[in-house]
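Note sheet for the following structure.
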Amino acid sequence: MTPPSAVLHRHLHRVPYLASSGKGSYITLEDGRRILDATGGAAVSCLGHGHESVTQAMVSQITQLSYCHTAFFSIKPFEELAAFLRDSTGGRMSKVYIVGSGSEAMEAAMKLARQYYLELDNPQSQRTRFIARKQSYHGITLGALSMGGHTFRRQPFEPILLPNVSHVSPCNAYRGRRDGESDADYVARLADELDGEFRRLGPETVCAFVAEPVVGAALGCVPSVPGYLTAMKSVCDKYGALFILDEVMSGMGRCGTLHTWEQEDVVPDMQTIGKGLGGGYAPVAGLLIGEKIVNALDKGTGSFRHGHTYQGHPVSSAAALAVQKVIQGENLLENVRKMGDVLQSELKMRLSSHPHVGDIRGKGLFWGIEFVKNKITKEPFDPSLGIGYKIQDKGLTPPYGISIYGGQGTADGIQGDHVLLAPPYNTTKEEIVLIAELVQRVVEDTFTEVE
Ligand code: PLP
């Protein structure tokens, strides 16, 4: 008998499949089975697996210098990566802070937001509060979890979460827009709600408003409607608060432009990035910081009071730099947009008429499908059925062999099950069609079993 796993897996009594290798869009299991990786984990593997120029850059870096502390040393790939990221914003972000995970990036954003107001020649600043959104996810550490509105992940820890974060409605056209309401009216209503929350809290007490431009894990890929980000930024500007975008999942090319905010030409004061930055080759994430914050630091204490042992890690920096060079060099953002269109039409053609598919939405190569019990009323399934997770599990079993990211919306009575799809940026039309075919089969077969 095999001894029980020593790993504290997510589910104590369910050890995940043992994976042994990966190439391109496929992961091979220890038993030889190949799995089509249609999600790159949680929208991480933007170049697929085993990309040679990335692995070579990492090997070269680790042989030259495996580690150094960023308080004492900098290294070329770290400097080059930061310069690349700054320049990718057209200089609208002026400094870059590189860490190991999206949660760390969010913690850094929160602390820097607070420090910014102290640096503005105001040691007595009352700005200590944050406004975030319900049905959002910003990470798992206590600060980041406090920002998120993912009820299921927050629930056991509620008593130890930060008390200075409040949550307004997200922009969720499928669930939140009223019948007959235009995009403009919906946006105006959400802006009004945010304005009201500022006034309720006292605008002079708020550091920042934080939002994902496309909600990932909490809702199953929900893009905000046109005009939303601009309207939210105006409310922040009106009250002198910072506008922070969490692009950890939706950014770095996933939605067809390197930064999702480029599509609405609205520039955040700070922006977190993660998954697509290093494509899973190394743990790496970052915080892009706008000029006014950097200037305040510059004129003030001159240092950010924050730091991690592994920030700007040499191998992570080399991996991320190599990933970004491939994306740029191979013009992969165009492929994201083209293949995204194919994925959209394949999914809609195959699944729109399914009696339990309520909504198919996304951008670029980031797509979500929401399942409902009743298509007319949008009534969700009983959450205990775990439809999204059932689809994820079935996908991994023979004969399907596809990795689909299943989830469940949480908060405010919204319990819609969903799945996420996030193929690599260098995918092909054949792969996209195969993904759509397999998703269709897995979804249909799951519902045949459930009903
Ligand atoms: N922010 C968003 C939008 C995310 O989707 C995630 C992770 O899924 C995070 C932050 C946290 O990132 P990490 O899991 O790397 O800590």
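The values are calculated or read from the model by the stated rules, or taken from the named source; none is laboratory data. If you're wondering where the values come from, they're calculated on a predicted model, not measured in any experiment. Every residue, glycine as well, gets a Cβ built from its backbone with ideal geometry; the counts of neighbours run over all protein chains shown.
Going residue by residue through the range 267-279, is there one that turns out to be surrounded by fewer than 18 Cβ atoms within 10 Å (Cβ to Cβ) and either at pLDDT 95 or above or more than 14 Å from the ligand (Cβ to nearest atom) (or both)? So far as the range 267-279 goes, no, none of its residues is surrounded by fewer than 18 Cβ atoms within 10 Å (Cβ to Cβ) and either at pLDDT 95 or above or more than 14 Å from the ligand (Cβ to nearest atom) (or both). So for the range 191-206 (the condition being in contact with a Leu (Cβ under 7 Å, 6 or more places away or on another chain), buried (at least 24 other Cβ atoms within 10 Å of the Cβ) and within 23 Å of Thr272 (Cα to Cα)), does at least one residue qualify? No, that holds for no residue. Selection over the range 358-399 of residues that are crowded, with 19+ Cβ neighbours inside 10 Å and assigned to a loop (DSSP other than H, G, I, E, B) gives a count of 5.
Matching residues to (1) more than 11 Å from the chain's Cα centre (by Cα); (2) part of a loop (DSSP other than H, G, I, E, B); (3) within 14 Å of the ligand (Cβ to nearest atom):
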position: Ala231; (1), (2), (3): yes, no, no
position: Gly240; (1), (2), (3): yes, yes, no
position: Phe243; (1), (2), (3): yes, no, no
position: Pro283; (1), (2), (3): yes, yes, yes
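Look at (1) surrounded by 15 or more Cβ atoms within 10 Å (Cβ to Cβ); (2) hydrophobic (A, V, I, L, M, F, W, C); (3) out of contact with any Cys (no Cβ under 7 Å at 6 or more places or on another chain) and you find that Ala188 fails only one, number (1). Given (1) within 12 Å of the ligand (Cβ to nearest atom); (2) modelled with pLDDT under 95, identify the lone condition not met by Thr151. The failed condition is (1). As a summary of the residue check, Glu104 satisfies the conditions (1) free of Cβ contacts under 8 Å to residues at least 12 places away in the same chain; (2) among the acidic types (Asp, Glu); (3) touching a strand residue (DSSP E or B) at 6+ places or on another chain (Cβ under 9 Å) except for the one numbered (1).
Taking residues in the range 55-84 that are farther than 15 Å from Val96 by Cα, and partners anywhere that are surrounded by 12 or more Cβ atoms within 10 Å (Cβ to Cβ) and aromatic (Phe, Trp, Tyr), the pairs with Cβ atoms closer than 7 Å and at least 6 places apart or on different chains are Met58/Tyr281. Checked against (1) touching an Asp or Glu at 6+ places or on another chain (Cβ under 9 Å); (2) within 29 Å of Gln392 (Cα to Cα); (3) buried (at least 17 other Cβ atoms within 10 Å of the Cβ), Met93 passes all but a single condition, namely (2). Please work out which residue is surrounded by the most Cβ atoms within 10 Å (Cβ to Cβ), limiting yourself to the range 26-54 and to residues that are under 26 Å from the mean Cα position of the chain (by Cα) and free of Cβ contacts under 8 Å to residues at least 12 places away in the same chain. Per the criteria, the residue is Thr28.
Here is a yes/no grid of residues against (1) modelled with pLDDT of 95 or more; (2) away from the ligand (no atom under 16 Å from the Cβ); (3) of a type in the set (A, V, I, L, M, F, W, C); (4) touching a helix residue (DSSP H, G or I) at 6+ places or on another chain (Cβ under 8 Å):
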{"residue": "Phe73", "(1), (2), (3), (4)": "yes, yes, yes, no"}
{"residue": "Gly100", "(1), (2), (3), (4)": "yes, no, no, yes"}
{"residue": "Ala108", "(1), (2), (3), (4)": "yes, no, yes, no"}
{"residue": "Ile131", "(1), (2), (3), (4)": "yes, yes, yes, yes"}
{"residue": "Gln135", "(1), (2), (3), (4)": "no, no, no, no"}
{"residue": "His138", "(1), (2), (3), (4)": "yes, no, no, yes"}
{"residue": "Leu145", "(1), (2), (3), (4)": "yes, no, yes, yes"}
{"residue": "Leu161", "(1), (2), (3), (4)": "yes, no, yes, yes"}
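Is it fair to say Lys325 is within 16 Å of the ligand (Cβ to nearest atom) and either of a type in the set (A, V, I, L, M, F, W, C) or under 27 Å from Ala71 (Cα atoms) (or both)? Here the answer is no, as Lys325 does not meet what is asked. Checked against (1) within 16 Å of the ligand (Cβ to nearest atom); (2) farther than 24 Å from Asn335 by Cα, Thr39 passes all but a single condition, namely (2).
Close contacts from the range 160-172, counting a first residue that is more than 14 Å from Ala218 (Cα to Cα) and a second that is outside any loop (DSSP other than H, G, I, E, B) and of a type in the set (Asp, Glu), with Cβ to Cβ under 7 Å and a gap of 6+ residues or different chains, come to Ser166/Glu197; Val168/Glu193; Val168/Glu197.
Yes/no per residue for (1) in contact with an Asp or Glu (Cβ under 8 Å, 6 or more places away or on another chain); (2) under 19 Å from Gly251 (Cβ atoms):
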{"site": "Asn295", "(1), (2)": "no, no"}
{"site": "Ser303", "(1), (2)": "no, no"}
{"site": "Val326", "(1), (2)": "no, yes"}
{"site": "Leu333", "(1), (2)": "no, yes"}
{"site": "Ser345", "(1), (2)": "no, no"}
{"site": "His354", "(1), (2)": "yes, no"}
{"site": "Trp367", "(1), (2)": "no, yes"}
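For the range 288-300, the criterion of being at pLDDT 95 or above, among the small types (Gly, Ala, Ser), away from the ligand (no atom under 16 Å from the Cβ) and in a strand (DSSP E or B) is satisfied by at least one residue. On inspection, Ser146 fails the criterion of being among the polar types (S, T, N, Q), surrounded by 14 or more Cβ atoms within 10 Å (Cβ to Cβ) and outside any helix (DSSP H, G or I).
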